[in-house]
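Notes follow once the structure below has been shown.
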């Protein structure tokens, strides 16, 4: 069964495809995304405060390693099967190495709705898995660029600043630290805003994402059938492996689904901006078309229910 | 009736750069380094032969940077932007004549 927030996403899609004049003001979009990143970070931090660290760090380390490995696995596929060049293949792979915060939130809602025991401290993984894959993809794309066209205009300092001080990482990590330091008791007065309103804000954000995705659909023609197939096959394979890794790491069933969804998801907030700064020669239509135009709707509509069924099967 | 003295007027150039928002910080640094004394940045949206930039989310935002400066500084900034950023980013750049009152500010 789909989460009601998915309905808002579909509404956005239909509105834009039907040429409605519906437009979410930029300032509201910005406010919603800041809220979501901060709320997810805080929730993770609060749970982390109640979690024995010995249980957390192996999962955290494995998650970072795995997300750095993802672009290395995907680049050969993008080069050989999708036939992207040496700059665009790592650029697209960097998006998949990073994660989508909204996919995480939808997956968390889905496991809760199923009544599975939640593992909310996994929000820690969203913050940890945001950067490693992105950095690996960016390094490889810039190396290819150096070989073919000489040094790129932006310095490494500027690129690393964009990756680590981009709003996604600042808010997620900041929220985690605040939640972890102050703990649940001190946090009670803030709870109505950051917990109570979460689902409603997510619904509004999904409406906006529906509008943005629909606007991206014409670009998919430029991306081509090979890239579109990749944008479905890659998350599916990564999601299935992710759930299995989650099981090896001893996560509960809900944790397996969340680990699968994070593995399968591709970034469209942090990665496009960082990539644009780091590797301007890469075509953003390809990576954004794949990550946001295909993979995000695939995960939200089809992927997460599949990862749930797969996790159930693995556990049985 | 006392006559109001008209302030002195001076010719300057208005350099307008419309670019992807990701370049904002870099463009500001470039301008100040190359001799501009100040700048104004606006959030904008628009379209052209390369497609539309609706500014709906992070990756599609655009900015307009305005710099009022001497002709010489405007030329220096324009050639730098055209050489460094225009080949790979969506960048539009144009120059117009403006009149300023306090020349020390520009």
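Bear in mind these aren't lab numbers, they're just calculated from the coordinates by the rules spelled out. Here the structure is a predicted model, which means the values were calculated and not measured. Methodologically, a virtual Cβ is constructed for each residue, glycine included, from the backbone with ideal geometry; neighbour enumeration extends over all protein chains shown.
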Radius, Kirkwood style, for region A:83-142 when every pair of distinct Cα atoms is counted (Å)
12.9
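For the protein assembly as shown, how big is the tail of P(r) above 28 Å, as a whole percent of Cα pairs?
Details: 45529 of 88831 pairs.
The answer is 51 percent, as a whole percent.
Taking beta carbons within 10 Å but only from partner chains, what does the mean come to for residues B:54-64?
On the way: counts 5, 2, 11, 15, 13, 13, 6, 3, 0, 0, 0.
So the per-residue partner count for this stretch is 6.
Tell me, what is the Rg over Rh of region A:142-261, with Rh the Kirkwood radius over Cα pairs? List each step's numbers first, then the result.
Details: Rg = 20.2 Å, Rh = 19.1 Å.
Reported Rg/Rh (Cα atoms, Kirkwood Rh): 1.05.
Summing -39500 (n - 2.57) over the DSSP H runs of n ≥ 4 in chain A and dividing by its residue number, what mean residue ellipticity at 222 nm do you reach, to the nearest 500 deg cm²/dmol?
-24000 deg cm²/dmol
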Summarise the partner chain shielding of B:75-88 as one whole number: the mean count of Cβ atoms from other chains within 10 Å of each residue's Cβ.
1
Can you give me the distance in nm between label points at residue B:75 and residue A:14, each placed 7 Å from the Cα along the Cα-to-Cβ direction?
6.1
Here, region B:10-101 modelled as identical Cα point scatterers in vacuum has Debye log10 I(q)/I(0) at q = 0.11, 0.18, 0.20 Å⁻¹ of -0.30, -0.77, -0.92
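Can you sort B:85, A:161 from fewest to most other Cβ atoms within 10 Å of each residue's own Cβ? Write down the numbers at each step before the final one.
On the way: B:85 22, A:161 15.
Ranked by crowding around the Cβ, least crowded first: A:161, B:85.
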Take the Cβ-Cβ distance between residue A:53 and residue A:177 as r, set R0 to 22 Å, and report the resulting FRET efficiency rounded to the nearest 0.05.
0.95
With runs of 4+ DSSP H residues as the only contributors, calculate the mean residue ellipticity of chain B at 222 nm using -39,500 (n - 2.57) per run, divided by the residue total and rounded to the nearest 500.
-7000 deg cm²/dmol
What is region A:84-192 by shape, rounded, prolate or oblate, if you read a ≥ b ≥ c off the alpha carbon gyration tensor as root eigenvalues and call it rounded for a/c under 1.5, prolate for a/b larger than b/c, and oblate otherwise?
oblate
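May I ask you to derive the relative contact order of chain A, considering only C-alpha pairs under 8 Å and at least 6 residues apart, and to give it as an integer percent? List each step's numbers first, then the result.
Working: 509 pairs, mean separation 100.5, N = 316.
This gives 32 percent for chain A.
Once Rh is set to the Kirkwood radius over Cα pairs, what Stokes-Einstein translational diffusion coefficient, in µm²/s, holds for region A:173-236 at a temperature of 4 °C and a viscosity of 1.567 mPa s? All intermediate terms of the calculation are to be shown ahead of the outcome.
Working: Rh = 15.4 Å.
Estimated diffusion coefficient is 84 µm²/s.
Taking neighbour counts of Cβ atoms within 10 Å as a proxy for exposure, in what order, fewest first, do A:225, A:176 appear? It would help to have the intermediate numbers written out before the result.
Working: A:225 10, A:176 27.
Least to most surrounded, the residues fall as A:225, A:176.
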Determine the distance separating the Cα centre of region A:174-243 from the Cα centre of region A:61-114; give it in Å without decimals.
14
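I need the calculated FRET efficiency for the pair residue A:316 and residue B:24, taking r as the beta carbon distance and R₀ as 45 Å, to the nearest 0.05.
Details: r = 53 Å, r/R0 = 1.18.
For residue A:316 and residue B:24, the calculated efficiency is 0.25.
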What Kirkwood Rh does region A:1-135 have if only Cα atoms enter the pairwise 1/r average? Answer in Å.
17.3
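Would you order A:111, A:126 from fewest to most other beta-carbon atoms within 10 Å of each residue's own beta-carbon?
Values: A:111 24, A:126 27.
With the fewest neighbours first, A:111, A:126 line up as A:111, A:126.
Per residue of A:215-221, how many C-beta atoms from partner chains lie within 10 Å of its own C-beta, taken as a mean? Mind showing how you got there, number by number?
On the way: counts 5, 2, 0, 1, 1, 0, 0.
Partner Cβ neighbours, averaged per residue: 1.
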